[in-house]
Amino acid sequence: MSRNPLAVTMGEPAGVGPELIGLSWLALRTGTPCPFYCLADPDFLAARLDAAGVPVPVLTIDCPSEAHAAFGDGIPVMRLASRVRSAKAGDPSTDDAPAVLEAIERAVADVVDGRACGVVTAPVQKETLYDAGFAFPGHTEFLGELARRRGLDAYPVMMIASDELRVVPVTVHVPITDVSRLLTEDLIVETSRIVARELTAKFGVATPRLAIAGLNPHAGEGGRIGTEDRDVVAPAVAALVAEGIDARGPQAADTLFHASARRGYDAAICMYHDQALIPIKTIAFDDAVNVTLGLPFVRTSPDHGTALSLAGTGKANPSSFVAAIRMAWRMAARP
C-alpha cells in the first residue's frame, strides 16, 4: 500500500483516549483498514489497555513506514521521548503535559514532512495543560501555530461533521455575552470562504451550498429583533454571493436543522458555539467528528472530551473515534 498511515496522538493519559485507540484498532483492523500508528509511551499504553480489559497488542515501531506491516498484528506505536510519569485513570497530572504536547508536535511534523497522511488527535485535558503553562485556547489553535512555525499558512476553522450534517461555528469558545461584539462581516466571510474551499478540496463537494444562520430569533425580523442580522450577517452573505459562493441567509436557526432543510445545504455556518453543536449532537451524538479546516493537512478528532469518569473501565464508546479515523483516511485520499 503506497499511502502513508495516519498519525494518532495519545491524548490525555488519564482519560479515555488510550483505551479508545485500542478499541478503534479492534474495529478497524479488518475489512477496509485505515492503518494508523500512535504517538505514545508504549509501556504506558500497553499497561492501560491491559488494565482496562482491552486485549490489544502494542507493537513499537521505529518509523511510520513500518505501520502498514505491523497494523494487522497490533497497534503500531512510535515511542515518545517524554515518558508518561504519573497517569492514573481519571486523575490528570501536569507531569504528563510534556508527553501530551510532544505527541501533537510529532504528529504535525510527520504529516508536514510526508511520513503521515493526516492527524487524528485523542482528547486532551485543557485545564491540566494550562496549569503546565500551555498558552493556547485548545488543540485547534496549537495545531495552527505548529503549521505556521513550519512556514505554512493556517487559519483553523472548526467543523463538526457527520453523515447527516456539517456545522461550523463562526465564534467558538467565547461567552454568549461577547458573541454580538465579536461577530463581524469579515469574520463570517473569511470563515465561510474556508468552509467552501475545504468542502471541495477535502470532501469532494463540487459546488458547496452554505446555509448562513441568523444570530437572533427569526433572523432578526429585519432589525426588529436585534440589528446584527441586518447589519452584519446579511452584508456578509451578499459579499459571499458576489464572490460566486452559494451562500443563503441569514436563515432562522430554529428551522434550519430538520431533515428537509438539511437536504438544501452542504454545511451550516452558525454564529456561535451552541447554535452549531446542539443540533449535531442531537442528531449524531455518537459518531460526529471534529474536523479542523484551514490547515495545510488533514486533522480530525472525536467530538467528545477526556471522559475521566470512564477512564480505565474499557466501557467508553469508540464510535466517534472510529468515525474520526475513517473520515481522516477518506479526506487524505483526495488529491
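Values quoted throughout were computed directly from the atomic coordinates according to the rules given, and no laboratory measurement underlies them. On a predicted model such as this, the values are computed, not experimentally measured, just so you know. Glycine gets a Cβ as well: all are built from the backbone with ideal geometry, and neighbour counts include every protein chain shown.
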Original post:
Order of Met158, Met271 from fewest to most other C-beta atoms within 10 Å?
Top reply: Met158, Met271
Subject >> All-pairs Cα distance distribution in region 74-134, expressed in whole percent, bin size 5 Å >> reply: 4, 17, 24, 25, 17, 10, 4, 0
Subject >> Simple spin-label estimate for Lys88 and Arg224 in nanometres, 7 Å along Cα-Cβ >> reply: 6.1
Subject >> Extension gain from Glu185 to Ala47, taking 0.36 nm per residue of separation minus the Cα-Cα distance >> reply: 44.6 nm
Original post:
Evaluated at 4 °C with a viscosity of 1.567 mPa s, what Stokes-Einstein diffusion coefficient in µm²/s does region 158-278 have when Rh comes from the Kirkwood expression over alpha-carbon pairs?
Top reply: 92
Subject >> Computed label-point distance, nm, for sites Val241 and Thr200 using a 7 Å Cα→Cβ extension >> reply: 2.0
Subject >> All-pairs Cα distance distribution in region 179-221, expressed in whole percent, bin size 5 Å >> reply: 5, 19, 22, 21, 15, 11, 6, 0
**OP:** Quote the relative contact order of the chain in percent (integer), defining contacts as alpha-carbon pairs under 8 Å separated by 6+ residues.
**Re:** 23
Original post:
Taking a temperature of 20 °C and a viscosity of 1.002 mPa s, what whole-number D in µm²/s does Stokes-Einstein yield for the chain with Rh from Kirkwood over alpha carbon pairs?
Top reply: 104
Original post:
If we restrict to alpha carbons, what Rg and Dmax does region 4-44 come to, in Å?
Top reply: 10.6, 31
Subject >> Rg in Å to one decimal, and Dmax rounded to a whole Å, for region 9-106 via C-alpha atoms >> reply: 12.6, 39
**OP:** Between the alpha-carbon centers of region 49-124 and region 171-209, tell me the distance in whole angstrom.
**Re:** 31
Subject >> Relative contact order of region 260-335, defined on C-alpha pairs under 8 angstrom at six or more residues apart (%) >> reply: 27
Subject >> Taking Thr292, Thr313, Thr9 and counting other C-beta atoms within 10 Å, the order from fewest to most >> reply: Thr313, Thr292, Thr9
Original post:
Taking neighbour counts of Cβ atoms within 10 Å as a proxy for exposure, in what order, fewest first, do His139, His218, His304, His258 appear?
Top reply: His258, His218, His304, His139
Original post:
Cα convex hull of region 44-186: mean projected area in nm², to one decimal?
Top reply: 12.0
